[in-house]
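Okay, structure first, notes after.
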Amino acid sequence: MMALRFEVLGRFNRARAARLTLPHHVCETPLFMPVGTQGTIKGLTTNQLEEIGCQIILGNTYHLALRPTSELIDEFGGLHKFMNWPRALLTDSGGFQMVSLLHLADITEKGVTFQSPVDGKPMLLTPEESIHIQNRIGADIIMALDDVVKTTITGPRIEEASHKRPKEQNLFGIVQGGLDPILRDICVQGLVERNLPGYAIGGLAGGEDKDSFWRVVAQCTAALPDNKPRYVMGVLKLKHQSMADDTRPIDSTCKCMVCKNYTRAYLHCLVTKDAMGSQLLSYHNLYYMLQLSRNLHSSIIEGRFPEFVCDFLRKMFPKGDIPEWVYNAMEVAGIDISSCSIPFDSNINVHTSTG
């Protein structure tokens, strides 16, 4: 028995609104998952995250294994207790560090050997060890270290040999293949045959153009099981001088405490000189993304998804200059946005990256 239940509650063509039941929380999809690399969202407490509706947090296996170490987390009863987070957690496999820390890594068929940025000691991360570490961390969803599995090995090697807690944690496979549609198809077919609890689409958000991004996502989602969850891995800068005397909030339509209480000018001053600025921006960004996810869910359930998408695009592109890649992506999704290009009189939402 797997530690996951996925129920589709509503649809519009390929868009789904669903209920994802995990050991620590019942999540509604679509959902946004913020990154808490070492068990924390910088600048926000777990109570604040609950207040704004965060359902699941992403932790980084590589960094958690180095500090505070998976052994210490295990002694505390898992990452949920260690960070005082009652809702769902997902840990990545550490595979992203093969790219981001390539200058510190040596990749072989055994695994990837990192030079620890903490003490300089070598650290060998094999597919098996990645799963063992994630078992100790205890996240609801764990990811396979697929990049370093020898290509001649067949069968569910990682699942059968390493995953010791299938009734408590859910092992997702990662669809790789870069921008090559043939390689993506091969990878998808191999993963689907293993009948995993869910699937991730990886190898994106690495600098490719948006047109290539959406085409890969569309290809993968079309080939993945319709009754399983899917996770796409991998979102105006207020330091600009034009913000210095701007009395408007970040977003006039946002109801978060930041937009209710602070102007862009105040935040500009903080961002350039004070850590509190980053904290307030992170709060706004997460509030915005979580609210957007909830609105997506309800619009699908209530049968008004096309109208929601069109309204969103009008606000994002008030001059009607919607990029061609958006039109192409929406056409594949079965959403007519021809009327969305009409100029719309509204303030442009301003958001910064949460990192």
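The values are calculated or read from the model by the stated rules, or taken from the named source; none is laboratory data. Please read all numbers here as calculations on a predicted model, not as lab measurements. With ideal geometry, Cβ positions are generated from the backbone for all residues, glycine too; neighbour counts draw on all protein chains shown.
What the table shows:
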| read-out | value |
| --- | --- |
| Where a residue in the stretch 29-58 is at positive phi and its partner, wherever it lies, is aliphatic (A, V, I, L, M), with Cβ under 7 Å and at least six apart | 39/64; 39/79; 39/83; 53/290 |
| Odd one out for residue 302, checked against (1) exposed (fewer than 15 other Cβ atoms within 10 Å of the Cβ); (2) within 26 Å of the chain's Cα centre (by Cα); (3) farther than 28 Å from residue 8 by Cβ; (4) not aromatic (Phe, Trp, Tyr) | (3) |
| Residue ID - surrounded by the fewest Cβ atoms within 10 Å (Cβ to Cβ), chosen from residues in the stretch 22-43 that are at pLDDT 95 or above and over 23 Å from residue 305 (Cβ atoms) | 25 |
| In the stretch 91-116, residue modelled with the lowest pLDDT [restricted to those that are part of a loop (DSSP other than H, G, I, E, B) and of a type in the set (Gly, Ala, Ser)] | 95 |
| Residue 304 farther than 21 Å from residue 45 by Cα, modelled with pLDDT of 95 or more and not acidic (Asp, Glu) | yes |
| Pairs with Cβ under 8 Å, 6+ apart, first in the stretch 246-271 and within 24 Å of residue 294 (Cβ to Cβ) and in a helix (DSSP H, G or I), second modelled with pLDDT of 85 or more and acidic (Asp, Glu) | 259/251 |
| Which listed residue is crowded, with 17+ Cβ neighbours inside 10 Å, at pLDDT 90 or above and in a loop (DSSP other than H, G, I, E, B), from 196, 191, 204 | 196 |
| Residue list for the stretch 266-301, filter: modelled with pLDDT of 95 or more and farther than 19 Å from residue 254 by Cα | 300, 301 |
| Where residue 228 falls short, out of the listed (1) modelled with pLDDT of 95 or more; (2) of a type in the set (D, E, K, R); (3) more than 30 Å from residue 180 (Cα to Cα); (4) part of a loop (DSSP other than H, G, I, E, B) | (3) |
| The one condition in (1) crowded, with 17+ Cβ neighbours inside 10 Å; (2) out of contact with any helix residue (DSSP H, G or I) (no Cβ under 8 Å at 6 or more places or on another chain); (3) under 29 Å from residue 265 (Cα atoms) that residue 319 fails to fulfil | (1) |
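Conditions tested, residue by residue: (1) touching a Gly at 6+ places or on another chain (Cβ under 9 Å); (2) assigned to a strand (DSSP E or B); (3) among the aromatic types (Phe, Trp, Tyr); (4) within 15 Å of residue 80 (Cα to Cα).
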{"residue": "11", "(1), (2), (3), (4)": "no, yes, no, no"}
{"residue": "18", "(1), (2), (3), (4)": "yes, yes, no, no"}
{"residue": "24", "(1), (2), (3), (4)": "no, no, no, yes"}
{"residue": "28", "(1), (2), (3), (4)": "no, yes, no, no"}
{"residue": "33", "(1), (2), (3), (4)": "no, no, no, no"}
{"residue": "39", "(1), (2), (3), (4)": "yes, no, no, yes"}
{"residue": "42", "(1), (2), (3), (4)": "yes, no, no, no"}
{"residue": "47", "(1), (2), (3), (4)": "no, no, no, yes"}
{"residue": "50", "(1), (2), (3), (4)": "no, no, no, yes"}
